[in-house]
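A quick write-up on the structure given underneath.
Bear in mind these aren't lab numbers, they're just calculated from the coordinates by the rules spelled out. Model, not experiment: these values are computed from the prediction.
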Amino acid sequence: MTELEGDDAPLKDRVERWLAREMPIIQMHGGTSAVREADPETGEVVVELGGGCRGCSISDVTTGNIEAELLKWPEIDAVTVRVPDAREELGGPDQPESIMGIDRTEGGRGDWGSSNPGEDHF
């Protein structure tokens, strides 16, 4: 039993403190973590990673470590760690329009309707 498990603070707060103390690699690599749900009645915890974790090639290792360690806590029965796909922030690969000034079309030329703009184009 860790000192955080015996603490009288709400489960969410204890998990947040544990993440900050035991998983400093998240912040060191520009990532963020947030406990979205921590239900002491069901034992379910949901953690979301963002920032530098989004699209990181080793985020699956981080999520696995978080899940394995939190499941050792007697009051936690289920852990879900979500890491949004890097493309979700921009609306995914199928979204044609620009988002926040980012031109998502090939070559940054804008959407002319085709890759051949026609003979009247300079």
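Remark on the stretch 32-81: ratio of C-alpha radius of gyration to 2.2 N^0.38 Å is 1.15. Taking only the Cα atoms of the stretch 1-85, the radius of gyration and Dmax are 12.2, 36 Å.
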